[in-house]
Amino acid sequence: MERICLAEDLTFSRIIHGSWRLREWNYSKEQILDLIEFCLEQGITTFDHADIYGNYTCESLFGEALALKPSLRGQIEIVTKCGIKLASKYGLKHYDTSKEHIIASVHQSLKNFRTDYIDVLLIHRPDPFMNPEEVAEAFTQLKKEGKVRYFGVSNFKRSQFNMLQSYLDFPLVTNQIEVSAYHLENIDDGTVDLCLEKRIPPMVWSPLAGGKIFTADDEKAVRLRDTLERIKNELGAETIDEVLYAWLLVHPARMMPIVGSGKKERISLAVRALKLPLRREQWFDILQSSMGHEIP
Amino acid sequence: MERICLAEDLTFSRIIHGSWRLREWNYSKEQILDLIEFCLEQGITTFDHADIYGNYTCESLFGEALALKPSLRGQIEIVTKCGIKLASKYGLKHYDTSKEHIIASVHQSLKNFRTDYIDVLLIHRPDPFMNPEEVAEAFTQLKKEGKVRYFGVSNFKRSQFNMLQSYLDFPLVTNQIEVSAYHLENIDDGTVDLCLEKRIPPMVWSPLAGGKIFTADDEKAVRLRDTLERIKNELGAETIDEVLYAWLLVHPARMMPIVGSGKKERISLAVRALKLPLRREQWFDILQSSMGHEIP
Amino acid sequence: MERICLAEDLTFSRIIHGSWRLREWNYSKEQILDLIEFCLEQGITTFDHADIYGNYTCESLFGEALALKPSLRGQIEIVTKCGIKLASKYGLKHYDTSKEHIIASVHQSLKNFRTDYIDVLLIHRPDPFMNPEEVAEAFTQLKKEGKVRYFGVSNFKRSQFNMLQSYLDFPLVTNQIEVSAYHLENIDDGTVDLCLEKRIPPMVWSPLAGGKIFTADDEKAVRLRDTLERIKNELGAETIDEVLYAWLLVHPARMMPIVGSGKKERISLAVRALKLPLRREQWFDILQSSMGHEIP
């Protein structure tokens, strides 16, 4: 599988596996291990997590599986996040990007994963109460201690990215954002432009719009389904999912879609999408179906 | 006529002639030549085109007229654009800013104009599927070959401009944007600010709002007409068109309005507007009529 | 009181006194002097003005009070603004950031304050008709002549700030913006991010939302009042005003709230807010009450 370079000694697999629903799958650690190994066979080596996924349980579930075969750690990249505190644990949902919380969260993540380093740590959400000097101190300390190799952000808009970057001595390596044929906001508002300008490949969450395209009855979803169905047939693809993944994969920003499924077949179809020769006209056909009007 | 410096050896006439409706005028090549010579007498030396104007015909119409008097080529600046593919030719309207298409489009434009160089080539619209590395390669090759002297963009927002610029070894020389007393979007959203920051004078399309101000019944148009009529009288101008042009011409961003008319009288009145001493209070009077409320 | 560093030899008191309603208080010059001295006792040394406050009268009222005790001038920082022309004096409200007007306005301010220097001059509003070269010339001349020590802006968005800054040889030292728990626009749109990125502490106007929070019946105001009331009790504060000030004061951007009151008690409570240990969860509780929904 194609690999994307994020830093001198860091590459990600073009397709990333996401664990935000890992707990819901109710897998045993053997089953999770099996899923990880299936991903590796497919060429997927990058695994996306967050401290809070599964109400603070997914990192551990993944770590327990990994502990069954410790040699796997060197073959994968672990991405995790911090900065959100959930109501379940803290009474009121809020963000915390204090130095203290970032470091404590990473220490807990290391324990959960049974590893001694995180490949990339992301700030989960732009925090309107962020003290960028504290974030910089936390990142610098974690890097120096070898606990986190690289840093990035998630859901950051341009002003937020530029602001935080200005406090760091090293470049942020990615911005994990929501993009899909259904959700164009980050294309429209210049967030993807900034990724291209800064030469950072975005990780992409909800590449299938959380399933909305398959089930929703709103006009946009209906229009999109029709177009995707037609283009699926033109391309000889098996599912419109593949077309949706291809729509991201052919984009010049080197988007890395996160596949959040525990089913091997659904992981495979994302991988198959890498070979789908979606053409420029088809890309715009899908775009315009989503917009609901012709481009100007 | 005042000339605006865009690069060390490139100046534009303050008023630019635009050819997007050239085909509709149904002029013979002699008539088009006459129009070009009329422009030159008025001091207008810069002519704005696009590959797609008149459904891919306007460049040729202009080129045929130019061929009647080849010595004119050295006296004018030709601006043209590429990057849009029309449904009439391509089945589905879409953008194409691939290296291949940019170069092919310029080659066709050179043939159409019967010239061996374009003064300034613009990317017609921000392309959400743009590969800026390909654009940079195309621009660099065309520059090296002497086929295009300078490059710019059209309708680019700040993030799009900064992104593309970051891939180029030379500065973009203009951004062609829509601005008029009726259409304030590019003033409101910071696009004009960016032109000032980057020291690039914007070319301005639809300086008369495509005629909306003269005919539309919406409240904004009615308010504007009243104010323009009053200020026309204060200034002793003959038409509100002149006031609309003056509103752009007195702005510090060195806006270069594009006059898209085939009628000599309408070209003349844009030129006359250069001498209209529109005062700051009047500029704000017009602005506030457009906004529909007082400035804060 | 904590002091905020804006430049090598310029600090402001964390709480700033604002004079935009100075005329309405109908104070004698002795009373105004008493108010100034009260502020100084509290540690407030920075006084915010504008040429136009009180329909061009507030600077003089303050200056007359200052003249009663000239030794005070060296103990305070005077901030004033220019760039708005009111209808009362000019027939039509408009902006004027011409070199001529900036310089004339400062000369008048110096007379009004009976001083020979202004500490910081702000452009009052982003002027869509601004000629940044003229602003730069005016600033440079005023600085050279010692009439103004430092320069800033007010109500500038990111594109406006970056544009003007690019014409200046010295950094703007502040952006005076509206921020309160009720008015989140400048947090949402990246203006506060830019302040952090540029390392400039913002002066904050309407920190209590002009009283809306106390009296308005809209859902947002009602929600906010409830939350502020609850948190006031949690913190043992006396008024929700203190909680509102604290909400700004604990923010990492080093916001400097402007207290625009002539009543000593209301000034004191802003000062008391400096010691209110508002916690992160409480900050977000207030934020979410204002937004009307949970953070994502």
Item to check | Flag for A:Ser206 being under 30 Å from A:Gly292 (Cα atoms), more than 13 Å from chain C (Cβ to nearest Cβ) and of a type in the set (S, T, N, Q) | outcome: no
Item to check | Top-ranked residue in region A:205-257 [being part of a helix (DSSP H, G or I) and among the acidic types (Asp, Glu); ranked as farthest from A:Thr11 (Cα to Cα)] | outcome: A:Glu219
Checklist entry - Of the residues that make up region B:279-293, is at least one assigned to a loop (DSSP other than H, G, I, E, B), modelled with pLDDT of 95 or more and within 27 Å of B:Phe161 (Cα to Cα)? => result no
Checklist outcome for this item: B:Gly210 fails exactly one of (1) in contact with a Leu (Cβ under 6 Å, 6 or more places away or on another chain); (2) at pLDDT below 95, namely (1)
Item to check | Listing of helices (runs of 4 or more DSSP H) fully contained in region C:1-71 that carry 3 or more residues being modelled with pLDDT of 95 or more and among the charged types (D, E, K, R) | outcome: C:29-42
Checklist entry - Which members of region B:271-296 meet the condition of being among the aliphatic types (A, V, I, L, M) and within 11 Å of chain C (Cβ to nearest Cβ)? => result B:Leu278, B:Ile286, B:Leu287, B:Met291, B:Ile295
Checklist entry - Does A:Thr239 satisfy the condition of being among the polar types (S, T, N, Q) and within 23 Å of A:His124 (Cβ to Cβ)? => result no
Item to check | Condition met for C:Leu92 (within 30 Å of C:Glu137 (Cβ to Cβ) and free of Cβ contacts under 8 Å to residues at least 24 places away in the same chain) | outcome: yes
Item to check | One residue from B:Ser261, B:Ser268 being away from chain C (no Cβ under 14 Å) and in a loop (DSSP other than H, G, I, E, B) | outcome: B:Ser261
Next on the checklist: Suppose we keep only residues that are under 28 Å from A:Ala246 (Cβ atoms) and small (Gly, Ala, Ser) within region A:14-59. Which one would you say is surrounded by the fewest Cβ atoms within 10 Å (Cβ to Cβ)?
Outcome noted: A:Gly43
Next on the checklist: For a quick check of your reading of the model, give me the residue pairs whose first member lies in region B:217-232 and is touching a residue at least 12 places away in the same chain (Cβ under 8 Å) and more than 17 Å from B:Pro277 (Cβ to Cβ), whose second is outside any helix (DSSP H, G or I) and of a type in the set (A, V, I, L, M), with beta-carbon atoms closer than 8 Å and at least 6 apart or on different chains.
Outcome noted: B:Leu224/B:Ala181
Next on the checklist: When you check B:Lys212 against the structure, is it under 24 Å from B:Cys5 (Cβ atoms), of a type in the set (D, E, K, R), surrounded by fewer than 19 Cβ atoms within 10 Å (Cβ to Cβ) and more than 14 Å from every other protein chain (Cβ to nearest Cβ), yes or no?
Outcome noted: no
Next on the checklist: Based on this model, can you work out whether A:Ser88 counts as at pLDDT 95 or above and either in a strand (DSSP E or B) or away from chain C (no Cβ under 14 Å) (or both)?
Outcome noted: no
Next on the checklist: For region A:194-204, give me each residue that is part of a loop (DSSP other than H, G, I, E, B) and in contact with a Phe, Trp or Tyr (Cβ under 7 Å, 6 or more places away or on another chain).
Outcome noted: none
Checklist entry - Any idea which residue in region A:262-296 is surrounded by the fewest Cβ atoms within 10 Å (Cβ to Cβ), counting only those that are within 24 Å of A:Glu185 (Cα to Cα) and among the small types (Gly, Ala, Ser)? => result A:Gly292
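The values are calculated or read from the model by the stated rules, or taken from the named source; none is laboratory data. None of these values were measured; they are calculated from a predicted model. We place every Cβ from the backbone using ideal geometry, glycine too, and count neighbours over all the protein chains shown.
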